[in-house]
Amino acid sequence: MPDLEGLLGRLVGGGVDFVVVGGFAAIAHGSALMTQDVAVCCRFSVENLMLLQQTLDDLHPVHRMTPKKLPLELSTEACGRLENLYLRTDLGQLDCLSSISGVGDFDTVAGHSIEVKLAMGSCRILSLDALIQAKETMGRERDKAAILHLKGLREQA
């Protein structure tokens, strides 16, 4: 069973600049839906990506979307070419995205986030309205039930 809270706590403790998006953001808003990964939108600067790598190093991160599951070994040059990182770590899966469909790049996502105190520390999560917009824009079949659920949460607020 993945330790998604532990993974998120590692990012918070490591000082990585990110906003929680996706299923974990829905849970932070009060959703009972389950998620199998932590999805974050993060600043894809060299400094932040190298900090991410340092923060995750002892969790043996590998690129989970590559056939050979290559270890995460970033360089300054590689950081400049990246848009997303899909990682598997000892604590679970981590999706690092440079932008969110329907919302925008990291700075825009950060502008549509709120700070919350969770068990693992304070962090920013995508606002409920922006989360709904992102899921509607993606138009995936698996998001349809989540959209209805999130809209119900919004109505209760």
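The values are calculated or read from the model by the stated rules, or taken from the named source; none is laboratory data. Small disclaimer: the values here were computed from a predicted structure and weren't measured. Every residue, glycine as well, gets a Cβ built from its backbone with ideal geometry; the counts of neighbours run over all protein chains shown.
Selection within the range 57-97: residues that are in contact with a strand residue (DSSP E or B) (Cβ under 7 Å, 6 or more places away or on another chain), among the charged types (D, E, K, R) and part of a loop (DSSP other than H, G, I, E, B). The member of this set that is surrounded by the most Cβ atoms within 10 Å (Cβ to Cβ) is Arg64. The residue list Leu52, Leu33 contains one member that is outside any helix (DSSP H, G or I) and either under 20 Å from Ile125 (Cα atoms) or touching a Cys at 6+ places or on another chain (Cβ under 6 Å) (or both), which is Leu33.
In this structure, Thr55 does not satisfy being touching a Gly at 6+ places or on another chain (Cβ under 7 Å) and closer than 17 Å to Lys135 by Cβ.
Evaluation of Gly14 against the conditions (1) at pLDDT 95 or above; (2) within 15 Å of Asp95 (Cα to Cα) shows that the sole unmet condition is (2). Figure legend. Inter-residue proximity from the range 57-71: first residues touching a residue at least 12 places away in the same chain (Cβ under 8 Å), second residues polar (S, T, N, Q), beta-carbon distance below 7 Å, spacing 6+ or different chains. Indicated pairs: Leu59/Thr89; His60/Thr89; Pro61/Thr89; Arg64/Gln93.
Residue count for the range 1-34 under the criterion of being within 22 Å of Gln156 (Cα to Cα), surrounded by fewer than 23 Cβ atoms within 10 Å (Cβ to Cβ) and more than 11 Å from the chain's Cα centre (by Cα): the result is 8. Do you know which of the residues in the range 98-128 that are at pLDDT 95 or above and of a type in the set (D, E, K, R) is surrounded by the most Cβ atoms within 10 Å (Cβ to Cβ)? The qualifying residue surrounded by the most Cβ atoms within 10 Å (Cβ to Cβ) is Arg124. When Cys41 is tested against the conditions (1) in a strand (DSSP E or B); (2) more than 22 Å from Glu136 (Cβ to Cβ); (3) at pLDDT 95 or above, the lone failure is (2). Pairs meeting the criteria (first residue in the range 132-147 and free of Cβ contacts under 8 Å to residues at least 60 places away in the same chain and on the phi > 0 side of the Ramachandran plot, second residue surrounded by 17 or more Cβ atoms within 10 Å (Cβ to Cβ) and acidic (Asp, Glu), beta carbons under 7 Å, at least 6 apart or on different chains) are lacking.
Please indicate, with yes or no, whether at least one residue in the range 108-127 is among the basic types (Lys, Arg) and part of a loop (DSSP other than H, G, I, E, B). Within the range 108-127 (the criterion being among the basic types (Lys, Arg) and part of a loop (DSSP other than H, G, I, E, B)), the answer is no, since none of the residues qualifies.
Could you please find all residues in the range 98-107 being within 9 Å of Cys41 (Cβ to Cβ), assigned to a strand (DSSP E or B) and not aliphatic (A, V, I, L, M)?
Matches in the range 98-107: Ser99, Asp105.
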